[in-house]
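Below you'll find the structure, written out as structure tokens, and then a few comments.
What follows draws every value from the coordinates through simple rules; no lab data is involved. Keep in mind that what you see is a predicted model, and the values were worked out from it rather than measured. Glycine gets a Cβ as well: all are built from the backbone with ideal geometry, and neighbour counts include every protein chain shown.
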Amino acid sequence: MSLVDEKTEARRAAFARRSAAHKMNRGGASGMLSEVLAGHRGVPVAGYLPIKTEIDPRGAMAEASAYGEVGVPVIQGAGQPLIFAQWVPEIPLVDGPFGAQVPEEILPIIPQIVIVPLVAFDRRGGRLGYGGGFYDRTLEWLRNKGPVMAIGFAYGAQEADHLPLEPTDQPLDLIVTERRVIEPITA
């Protein structure tokens, strides 16, 4: 099986697990994420506005916005890194690419913490996304500019034993689920 086929199969299985976990969610899933971000008050943070069955980080983002800049991703175009537009609760939003909303007025920020949506993760800090490479390019670009912490945010059910990864896949520094914080195993 090719790496592309492996990734396709891993995504299919992970989407099913994520959908089931999302249906069981009763709210408050961002509590653990809030606890992690509380240790980094005032540091610029990038979150995301959830689409479909993604776990919702907005509660933690709203809390973080009381202490510093919070941004959300804006797709510039295929093959380019994301930019992050300043976000606060109740900001006017418009429809952006792939069904995600973006602020009506784009005021760029440079985050030092990026909350990364994902389809699947593993204990080694591997992340399987949607396949566009946007976060991999963005994290590589940000890490070349200075320190940045990539926090994968997901339902615990999205964990996989093994993910088909490529050298260009950027690792997660921390994984936060609705119930726990996972520090990746490095070896």
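Count of the stretch 37-62 residues, restricted to those that are surrounded by 19 or more Cβ atoms within 10 Å (Cβ to Cβ) and assigned to a helix (DSSP H, G or I), is 3. The residue list GLY77, GLY71 contains one member that is assigned to a loop (DSSP other than H, G, I, E, B) and not aromatic (Phe, Trp, Tyr), which is GLY77.
Has the stretch 135-142 got any residue that is out of contact with any Phe, Trp or Tyr (no Cβ under 9 Å at 6 or more places or on another chain) and assigned to a loop (DSSP other than H, G, I, E, B)? Reasoning before the result, please.
Within the stretch 135-142, the first condition is being out of contact with any Phe, Trp or Tyr (no Cβ under 9 Å at 6 or more places or on another chain), and the residues that meet it are 135-137, 139-142.
When the remaining residues are screened for being assigned to a loop (DSSP other than H, G, I, E, B), the result is none.
No, there is no match, as no residue in the stretch 135-142 is out of contact with any Phe, Trp or Tyr (no Cβ under 9 Å at 6 or more places or on another chain) and assigned to a loop (DSSP other than H, G, I, E, B).
The listed residues are SER65, SER34, and the only one of them that is of a type in the set (S, T, N, Q) and out of contact with any helix residue (DSSP H, G or I) (no Cβ under 8 Å at 6 or more places or on another chain) turns out to be SER65.
The number of residues in the stretch 63-90 that are surrounded by 16 or more Cβ atoms within 10 Å (Cβ to Cβ) and of a type outside the set (Ser, Thr, Tyr) comes to 17. Are any of the residues in the stretch 7-19 surrounded by fewer than 16 Cβ atoms within 10 Å (Cβ to Cβ) and acidic (Asp, Glu)? Looking for residues that are surrounded by fewer than 16 Cβ atoms within 10 Å (Cβ to Cβ) and acidic (Asp, Glu), one finds at least one in the stretch 7-19, hence yes.
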